[in-house]
Every structure is written in structure tokens, then in C-alpha cells.
Amino acid sequence: MTNKTLLRWGILGAARVNERLLPAIVEAENAELVAIASRRPGAAAETLVKYAPDQTEVRIYDDPETLLNDDDVDAVYLPLANHEHALWTLRAIERGKHVLCEKPIALSVDDILAIETAAQRYQVRVMEGFMYRFHPQHARVRELLDSGLFGEVRSVRATYSFMMRPARMYRLEQPVERGGGALWDIGCYAVHSARMFFEDTPVSVSALSSYVGSGADISSSGVIDFGRGRFAQFDFSFERARRSEYEVIGTKGGIKCHTVWQLPGDIPVISWWTEDGRQCEERLPPANHFRLEVEHFSDCVLNGKEPALSLEDAKANCRILEAAMQSAAEGRLIKLD
């Protein structure tokens, strides 16, 4: 716990997500951007000028290790390539830095266990960066479900996709085992959002994937069995029109979140229906889920709170992703212990 009112942030990488994340740190009420680093010479400076040109006091590093050794940095945001997340999260923890790591935080449950052990040893907060969970629209969905209006939840369908542009082809350069492809990029969203509505541990996972030459999956679909006739269907792709939505069906009706990936000015839309004929479409106030995520994590560090997304949650999500990858590769259903 600390008496400070601003958490001092460093960004460990010049990835494209900085378009949203960097301004979110600058705008957050309890955060201050103090440093940014990249291994590509000049990339950190270019990123800062592009997304926050008025932040003239931010230190620029062309070596991530130098940023980690900066005593003025309390916490780091880590948006490096998927297969580097666990390694650099551990390096940051060992320097005493709190870490908000872009999803997926790791490519195996074993790596997350190592992160968890290190975080406990060095007494730092670590959270996987699923920014969407901090948008108020999901709290509204939960409120409606908890009202009993739709009965018991029986199924969830989560769909995430966009057409891959040439500038993003780097996402397909590595095989899926190394963090490339749709599974680790957008499939993690599908699994994570589907899990919001089932408290039980899943029983099994089955999946089908289409691969490119590198061994990266470009499209995948599957089913998570939560037992007692409750299923979560996931579908994600780099070769379909843009979608980021989920639908929850209960015994008395259903509810749909139409756009999970919200831009700051977007109007969130939730629609629902019931068996007795009621229908409703709700339009909610816009919100910046990146800024809300940064403010939440900053508050956790500054005031000694536990992050809303725990490392237990990260392990549960990764366990399903690993099973989906195995199922698609081996053509069989994977049972979970």
C-alpha cells in the first residue's frame, strides 16, 4: 500500500495496441506515463509522438531492460508478441514492477504458475489485460441475468472475427504453439467472455481449426462443456467480417451484447427477449474500457486491492485454450481434470 495518488507507468513495447492503451494511461485519473521502451531504435519515440504528442516529459528507451531498471517506474504495461509475454512479465516482476500484461499473459498454465509464484515472492500485482471486462455494459448484462428474467443460463455463444489486413499478417507468422494465429489473438476473448456466465469448472473442450502454412490457425470453432447440459460455443476468425459479440440463452429468454470491442465514442447496445414475448433494446453511455482498466489496476496497486481479473482466472482461461489447441490438432474431444 502507498500514499501516492498516481501510479507511475512504463510501456514495454511499441505495439499497435498503444493506439488505445497509451492515451488511456495519459487520461487515467490515477496514472502517470513516465517511460516507454522498444527494441526497435526510434520506435518508442515515434509511438509517443503519434499517440500522445503533448507528453514531452516521458522518458524514451531503446532497450526494455533499461526501462525495467528505472526506479521511477512503478508498473509496466506489456504489449510484446504473445510468445514473449511470460518471459518479460517475469523479468518485470523480478525488478519489483507491477505488471498489466496484454492478453494472453502466457501460452501455458505452467508459465502462469511461475508468474504467480514470482508475484507472491516480490509482492507485486499482476493482471492479464482483458480490457473489455471493464466496460459497464457487461455489468449491465450481469445485472439483467441476476434478476432472474432469463432463468438459468444454459448456453453462451461468443463470436469474434475480422478480415486480416496485410499490415497485420505478422499475427500469422508463428505456429499456434508459439502464440501465432487466431486462437491466442482473438480466441482468448471468446473463451474469456463465455466463461463469465458459468461458475463451474468445464468438463471438456472440442475444437476445429483451419491453418495457414506457418501452422497458425486462421479460423476456429468449438464447444466448451460445463456439464449438466450447459455449453459455450466459440467461433473466431481472421477471414470473416468484423464481429465481437456474445449471446446468453437461459430457460426463460436470452440477452445479447452486440459489440464487445468498443471504441471510446461508440454507443453500446444490448438486446434481450423473454419467452413471454417481451423484447427490449438498451443503448448505454459510451465508455473507454482501456482507461477504466488502467484506472482499476492503478487503484489496486495504490490501495492494496486484488485485481478483478486474478491469476486464477488467467489459468482457467489458458487451460481451455490449451485444450482447444490440442483438440483441433488431434481431432478429438479433450477432457479436463
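The values are calculated or read from the model by the stated rules, or taken from the named source; none is laboratory data. The model shown is predicted, which means the values in this text are computed figures rather than measured ones. In this analysis, Cβ positions are derived from the backbone assuming ideal geometry, glycine residues included, and neighbour counts consider all displayed protein chains. Calculation scope for accessible area: heavy atoms of the full protein, side chains included, ligands and nucleic acids excluded. Shrake-Rupley method; radii C 1.70, N 1.55, O 1.52, S 1.80 Å.
Summary table
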quantity	calculated
With DNA, RNA and ligands ignored, accessible area of D72 (1.4 Å probe; Å², nearest 10)	70 Å²
Of A37, H258, C101, farthest towards positive along the dipole that unit charges on Lys, Arg, Asp, Glu beta carbons give the chain	H258
Loop-located GluC sites (Glu not before Pro) in segment 56-85 whose Cβ has at most 13 other Cβ within 10 Å (DSSP)	E57
For segment 253-337: relative contact order, % (alpha-carbon pairs under 8 angstrom, 6 or more apart)	17 percent
Mean accessible surface per residue for segment 120-267, computed with a 1.4 Å probe while every protein chain stays in place, in Å²	42 Å²
Span-rule helices in the chain, defined as complete DSSP H runs reaching 30 Å or more along the axis (Cα) with Kyte mean at least 1.0	none
Furthest towards positive pole of dipole, I320, F290, G331, structure part segment 256-337, Cβ charges	G331
Accessible surface of M169 - all protein chains present, 1.4 Å probe, nearest 10 Å²	90 Å²
Virtual spin-label span in nm between E282 and R242, 7 Å along Cα→Cβ	2.5 nm
Stretch gain in nm, segment E177-V49, where the contour uses 0.36 nm per residue and the Cα spacing is subtracted	42.6 nm
K305, K50, reordered so the largest accessible area comes first (probe 1.4 Å)	K50, K305
Check: the chain dipole with +1 on Lys, Arg Cβ and -1 on Asp, Glu Cβ, in debye	660 debye
Inter-part distance where segment 56-107 and segment 195-255 are each reduced to a Cα centre, Å	31 Å
Net length gained if the chain between A329 and E312 were fully extended (0.36 nm per residue, minus Cα distance)	3.5 nm
Computed magnitude of the charge dipole of segment 134-267 (debye, nearest 20; Cβ of K, R +1, Cβ of D, E -1)	240 debye
Restraint check, K315/K335; K97/K315; K50/K256; K103/K252; K4/K50, Cα-Cα greater than 26 Å	K50/K256; K103/K252; K4/K50
Label-point separation, L263 to D200 (7 Å along Cα→Cβ), nm	4.1 nm
Charge dipole (debye, nearest 20) of segment 288-337; +1 at Cβ of Lys and Arg, -1 at Cβ of Asp and Glu	180 debye
Relative contact order [Cα under 8 Å, 6+ residues apart], the chain, whole percent	19 percent
